[in-house]
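Throughout, read-outs are computed from the coordinates displayed, never taken from laboratory work. Fair warning: this is a prediction, and the values are worked out from it, not measured in the lab. Virtual Cβ from ideal backbone geometry, glycine too; neighbours counted across all protein chains shown.
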Amino acid sequence: MKDDILTYRQMCDSEQVQTLQRGMNFRLNPAYSVILMSQRNNAPYRDEILPDGITIIYEGHDTPKTPDEPSPKSVDQPQFTKNGGLTQNGRFVEAVQRFRSGEPAEIVKVYEKVLSGVWSFKGLFELIDYQFVSDGIRNVFKFRLVLCDRVPENRERDLPVRSRIIPSNVKMEVWKRDGGKCVICGATDELHFDHEIPFSKGGTSITAANVRILCARHNLKKSSRIE
C-alpha cells in the first residue's frame, strides 16, 4: 500500500482546483467529495482515526467568524445557513440520510495535514453515519467514514483503494526520521509512505519500524513483494 505525500500545491492540482480553503468540500468532483483533516495539536477540529485502522471520525465545521458571531467555538455547528440553505455540514448530513434510506454511500477522498507544508492522501472512504453531540461546550457534528474495500460501480475507475490507515503520529515520526526523502535514492519528489513488510503479508501500520518513505520509482519496483 502506498500513501502519497503531497505539497499543498500538488494536492490542489490533483483535484484540479486553484485552492482548497475549506476542510469540507461536498461533491468537489461529481464522483466524490473531499475533506481535509488534521490530528495535530493545533488543529481547529477534533478529528480521530479509530484503533481499527479503517475508520475516521471527522468533526463538522463551525459557523464563519463574523462581527455578529465573533466566537464560533461557543455556538452549535450549523446545518443550515442564515438564508435556509445547507452548510457543508448539512450536505454531508443529507448524504448520510440518503445512505440510511438505501442509496449508495457518499464517496469521500481524505487528505491529512501531517506537518506544515506536508499533506498525505489517506485514501477513499464511504460516509456512513453522523451524530450531533455535545463536546462539553456546544453541539458538533461527528461524521463516520470507513475505508473503502472496493470502488463502487459508476464511480471513477482510477480512484485508488487503500487497505489500512497509517496513523498520523507514525507518519510524523517517519517523515522526521527519513528526512523527507526516499530512503533508497534520496529523491524528494513523488514520495509515498510505504510498508516495508506489506500489510497483506502481515506488516503493521502502527509502528514507524515498518513504515518508510519511498519515491514512486522505488515504490513501483518494490510492488508488494517482501524485500
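Only one of these is without any contact (Cβ under 8 Å) to a residue 60 or more places away in the chain, surrounded by 14 or more Cβ atoms within 10 Å (Cβ to Cβ) and over 19 Å from the mean Cα position of the chain (by Cα): Thr66, Thr81, Thr87. Name it.
Just a single option satisfies the conditions, and that option is Thr87.
Only residues in the range 20-35 that are more than 10 Å from Gln88 (Cβ to Cβ) count as the first member; pair them with residues that are of a type outside the set (A, V, I, L, M) and in a loop (DSSP other than H, G, I, E, B), Cβ under 8 angstrom, at least 6 apart or cross-chain, and list the lot.
Leu28/Glu15; Asn29/Glu15; Asn29/Glu156; Ala31/Arg155; Ala31/Glu156; Tyr32/Arg155; Tyr32/Glu156; Val34/Glu15
For residues that are surrounded by fewer than 20 Cβ atoms within 10 Å (Cβ to Cβ), in a loop (DSSP other than H, G, I, E, B) and acidic (Asp, Glu), tally how many sit in the range 1-48.
1
From the set of residues in the range 106-131 that are among the aliphatic types (A, V, I, L, M) and surrounded by fewer than 19 Cβ atoms within 10 Å (Cβ to Cβ), which is nearest to Ile5 (Cα to Cα)?
Top of the filtered list is Val118.
I need the full set of residues from the range 97-140 which are assigned to a loop (DSSP other than H, G, I, E, B) and hydroxyl-bearing (Ser, Thr, Tyr), in order please.
Ser101, Ser116, listed by residue number.
Could you check Glu103 against (1) of a type in the set (Asp, Glu); (2) more than 22 Å from Asp135 (Cβ to Cβ); (3) touching a helix residue (DSSP H, G or I) at 6+ places or on another chain (Cβ under 6 Å) and say which number it fails?
Glu103 satisfies every listed condition except (3).
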